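*Asks:* I'd like to ask you about the structure that follows.
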Amino acid sequence: MPVACLAAVLACLASLLWGAGNIGPAQAWAVLMGQGSEEARFVVTELRAPRTVIGIAVGMMLACGGALMQVVARNPLAEPGLLGVSAGAAFAVAIALLLGMEAAGLHVLVAQAGALLGCLFVMSTVRLSGARQDPVRLVLAGAALSSLLVALTSLVLLIDQRAADEIRFWVIGSLAGRSLEALGGSLPSLMLALALTLWLVRPLAALALGEAVASGLGHHPGRVRKLTVLVVALLVGAATALAGPIAFVGLAVPYVARALCGADIRRTLWLCLPLGVVMLVSADVVSRLLVRPSELPLGVLTTLLGAPVLIAVVRARRLPIL
């Protein structure tokens with residue numbers, strides 16, 4: 001845990017030192033030390049710092065959302081980006097933009113509602129015969145839902161050319177140009193998600209041992225699942241409203257956390273917090289540097305990082321790749 005926290009701090013420092021504007025690391029460091037020119041202070045405080053803060057929040061939310069979804073679905077491949085949860089949130093926000101809803105806080109609520117619908121689809125699929133025994137079947141169902149929602153989002157782009165540019169900029173998945181206003185609007189729902197998560201940690205640890213064990217310990221598996229789905233919707237919806245749909249963070253980070261500290265959700269969940277920051281902020285820094293002065297979409301890099309993890313999970317469980 002201390003090493004992961006140190007890595008998260010270093011990733012955030014790199015995000016402040018490299019990025020938007022013609023300000024090098026030395027000039028940015030001078031600003032952090034209380035010196036530097038006006039231009040350097042503007043770039044670091046007004047461009048890079050908000051982007052870093054949003055990256056921290058989004059990385060934590062996606063990592064924890066993925067860990068919770070995997071526990072409640074009892075499926076190592078249950079990741080919001082793969083199963084249509086992020087796509088549901090993205091489609092809902094695209095509709096909101098089409099209808100002219102400009103308030104950032106409203107975007108968060110709409111995205112959380114879309115994510116909740118995606119979560120309900122995932123949980124209904126888990127209940128289908130054989131879905132728990134065959135995680136690949138769940139991924140295929142989620143991929144079908146994601147494809148449908150992406151197609152509907154593309155249709156929205158064709159309906160209103162005025163809103164198309166804004167929607168297109170948002171759905172690529174990026175931290176560039178994002179405002180802290182949306183993060184402020186999501187704080188009430190995030191506080192609710194945090195409170196529910198703290199309450200759910202112990203029941204989820206019992207549920208991982210089986211429904212009979214959880215019931216014997218005085219927990220209610222049905223209620224625990226419903227509340228967990230709500231928490232995932234709050235986290236993933238807020239993250240999608242802030243940065244657009246970003247896949248594989250919720251798969252790769254919990255996988256690494258379990259490899260480091262075991263499968264107990266009481267340890268894995270808290271390790272996901274700094275690891276989520278490390279993955280997302282580091283990927284964002286790399287996206288700024290690879291094709292300067294342009295940027296790669298953040299979602300592309302997280303996919304490049306997460307796809308090998310997906311293959312590793314499938315191969316480890318000896319599941320067929322169809």
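The values are calculated or read from the model by the stated rules, or taken from the named source; none is laboratory data. Remember, it's a predicted structure, so these values are computed and weren't measured experimentally. Neighbour counts run over all protein chains shown; Cβ positions are idealised from the backbone, glycine included. Just the protein is used for accessible areas: all its heavy atoms, side chains included, with ligands, DNA and RNA removed. Shrake-Rupley method; radii C 1.70, N 1.55, O 1.52, S 1.80 Å.
*Asks:* Taking the 0 to 90 degree range and rounding to the nearest ten, how far is the long axis of helix 135-159 tilted relative to the main principal axis of the chain, both from C-alpha atoms?
*Replies:* Helix 135-159 sits at roughly 40 degrees to that axis.
*Asks:* Once you have the Cα-Cα distance between MET1 and ALA144, take 0.36 nm times their residue separation minus that, and quote the gain in nm to one decimal.
*Replies:* 47.8 nm is the gain from fully extending MET1 to ALA144.
*Asks:* Put HIS220, HIS107 in order of accessible area, largest first, 1.4 Å probe: what do you get?
*Replies:* Largest accessible area first, the list is HIS220, HIS107.
*Asks:* Could you do me a favour and compute the accessible area per residue for region 180-255, 1.4 Å probe, result in Å²?
*Replies:* 40
*Asks:* Go through region 80-93 residue by residue and turn each phi into a ³J(HN,Hα) via Karplus (6.51, -1.76, 1.60, θ = phi - 60°); whole Hz please, and just put x for glycine and proline.
*Replies:* 3J(HN,Hα) across region 80-93, in whole Hz: x, x, 7, 9, x, 5, 5, 5, x, 5, 5, 5, 4, 5.
*Asks:* Heavy atoms only, probe 1.4 angstrom, no DNA, RNA or ligands counted: give me PHE121, PHE42 ranked by accessible area, highest first.
*Replies:* Ranking PHE121, PHE42 by accessible area, largest first, yields PHE42, PHE121.
*Asks:* Compare the Cα positions of LEU242, ALA115, LEU204 along the charge dipole of the chain (+1 at Cβ of Lys, Arg; -1 at Cβ of Asp, Glu; about the Cα centre) and return the one farthest towards the positive end.
*Replies:* LEU204
*Asks:* Right, another one. Could you tell me the accessible area of TRP270 in Å² (1.4 Å probe, neighbours in place), rounded to the nearest ten?
*Replies:* For TRP270, the solvent-accessible surface is approximately 80 Å².
*Asks:* With every protein chain in place, what's the accessible area of SER189 (1.4 Å probe, Å², nearest 10)?
*Replies:* Its heavy atoms expose roughly 20 Å² to the probe.
*Asks:* Let me ask something additional. Net charge around ALA257, counting only other residues with Cβ within less than 15 Å of its Cβ (Lys, Arg = +1; Asp, Glu = -1)?
*Replies:* Charge balance near ALA257 sits at +1.
*Asks:* With a point put 7 Å past each Cα toward its Cβ, work out how far LEU289 is from VAL213 in nm, to one decimal.
*Replies:* Rounded to a tenth, the inter-label distance reads 4.3 nm.
*Asks:* Just how much of ASP264 is accessible, in Å², when a 1.4 Å probe is used and the result is rounded to the nearest 10?
*Replies:* Surface open to solvent at ASP264 totals about 40 Å².
*Asks:* Helix-only estimate, please: 222 nm mean residue ellipticity of the chain, summing -39500 (n - 2.57) across DSSP H runs of length 4 or more and dividing by its residues, to the nearest 500.
*Replies:* About -25000 deg cm²/dmol.
*Asks:* Tell me, in nm to one decimal, what length is gained between LEU106 and ILE159 on full extension, where the rule is 0.36 nm per residue of separation less the Cα-Cα distance?
*Replies:* 16.9 nm
*Asks:* Ok, one more. Which of these, LEU207, LEU180, LEU158, has the largest mean-square fluctuation under a Gaussian network model of the chain (Cα springs below 10 Å)?
*Replies:* LEU158
*Asks:* Shifting gears a bit: Over all distinct alpha-carbon pairs, what is the Kirkwood Rh of region 1-119 in angstrom?
*Replies:* 16.8
*Asks:* Also, I was wondering about something else. Which net charge results for the neighbourhood of LEU273, defined as the other residues with beta-carbon distances under 15 angstrom from its beta-carbon, given Lys and Arg at +1 and Asp and Glu at -1?
*Replies:* Local net charge: +3.
*Asks:* Over the chain, what percent of the accessible surface lies on carbon and sulfur atoms, probe 1.4 Å?
*Replies:* 69
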